[in-house]
Amino acid sequence: MHKWLAVLSLVCASVHAAPQTTIQEDMDKLLADRGLLTHTIDQLEQVRQTVSTRASDLVVNAMGFLGVPYKFGGTSAETGFDCSGFVRAMYEQTVGLVLPRRANEQAAATDRIEKSELRPGDLVFFNTMRRAFSHVGIYVGDGKFIHAPRTGSEVRVEDMRTAYWQRRFDGARRVTPNAEADIPSTK
């Protein structure tokens, strides 16, 4: 136990001394030097870059569908999308993962994160039908998300900080390597 406290003390000391851009690199090096890290720093950086690229690609791809009409049960640009059909299509087309069909199933198949941890490509869930996880969208950054809202509207970007969305926010989820084990891949 005292070994972890020593590592934590060293990490905390390096956080105060190091510029923000090198904190993660210093922590990775420290853990690798102590034999507490099984992957090399290069491998970790490659994973980080892959995740970052996938998230960017996902958001860019989703933006290409702005204006596609909402259709209950819709799963394609040709027929229109509902909220979960839109999220599912974006993940399948961009990342090669087939998420479950319904919003509540997508929430169950992904990892819970705090709202403060949101990154582009994460999923945001809302209670819009008096039941948990009845609506889903893709976080694009800066407090905004892209989604297929409702009948008579189209895929659009909205601000989660508006009163309507704040009152209905149900939680945030991330598709992670652990969650991906339960999600079939098409790539």
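The values are calculated or read from the model by the stated rules, or taken from the named source; none is laboratory data. For clarity, every value in this text was computed on a predicted model and none was experimentally measured. Reconstructed Cβ throughout: ideal geometry from the backbone, glycine too, with neighbour counts over all protein chains shown. Please note that ligands, DNA and RNA were not included when accessible areas were found on the heavy atoms of the full protein model with its side chains. Shrake-Rupley method; radii C 1.70, N 1.55, O 1.52, S 1.80 Å.
Rounded to a whole number, what % of the accessible area of region 92-176 do carbon and sulfur atoms account for, probe 1.4 Å? Walk me through the numbers before you get to the answer.
On the way: 1850 of 4100 Å².
It is 45 percent, rounded to a whole number.
Give, rounded to the nearest 20 debye, the magnitude of the charge dipole that region 62-187 has about its Cα centre when Lys and Arg contribute +1 at Cβ and Asp and Glu contribute -1 at Cβ.
The dipole magnitude comes to about 360 debye.
Where in region 64-131 are there GluC sites (Glu not before Pro) that are in a DSSP coil and have at most 11 other Cβ atoms within 10 angstrom of their Cβ?
Within region 64-131, the qualifying GluC sites (Glu not before Pro) (loop, at most 11 other Cβ atoms within 10 Å) are E78, E114.
Taking H placed 1.01 Å from N in the peptide plane, check which residues at least 5 places from K144 or on another chain put their amide H under 5 Å from its amide H.
Close amide H contacts, sequence-distant or interchain: M160.
Give the residue list of trypsin sites (Lys or Arg not before Pro) in region 104-177 that are DSSP loop and have at most 15 other beta-carbon atoms within 10 angstrom.
Numbers: sites: R112, K115, R130, R131, K144, R150, R156, R161, R167, R168, R173, R174; in loops: R130, R131, R150, R161.
Counting only loop positions with at most 15 other Cβ atoms within 10 Å, the trypsin sites (Lys or Arg not before Pro) in region 104-177 are R130, R131, R150, R161.
Write down the accessible area per residue of region 84-159 in Å², having rolled a 1.4 Å probe over the full set of protein chains.
Each residue of region 84-159 exposes 43 Å² on average to a 1.4 Å probe.
Would you kindly derive the ³J(HN,Hα) couplings of region 71-86 from the backbone phi angles with the Karplus curve 6.51 cos²θ - 1.76 cosθ + 1.60 (θ = phi - 60°), listing them in order in whole Hz, with x for Gly and Pro?
Values, residue by residue: 9, 4, x, x, 10, 8, 5, 5, 9, x, 10, 9, 4, 6, x, 5 Hz.
Once amide H atoms are built 1.01 Å from N in the peptide plane, which residues 5 or more positions from L97, or in another chain, come under 5 Å H to H?
E92, T186
Provide the gained length on full extension for the span S76 to R150, in nm with one decimal, where the gain is 0.36 nm per separating residue minus the Cα-Cα distance.
Roughly 25.1 nm would be gained on extension.
Note down the accessible area of S153, probe 1.4 Å, to the nearest 10 Å².
Approximately 20 Å² of S153 is accessible to the 1.4 Å probe.
For a label point 7 angstrom out from the Cα of M129 toward its Cβ, which stretches of region 78-118 have the backbone nitrogen within less than 14 Å?
Correct set: 82-86, 101-107.
Which whole-number percentage describes the relative contact order of region 70-144, with Cα contacts under 8 Å and a sequence gap of 6 or more?
RCO, region 70-144: 23 percent.
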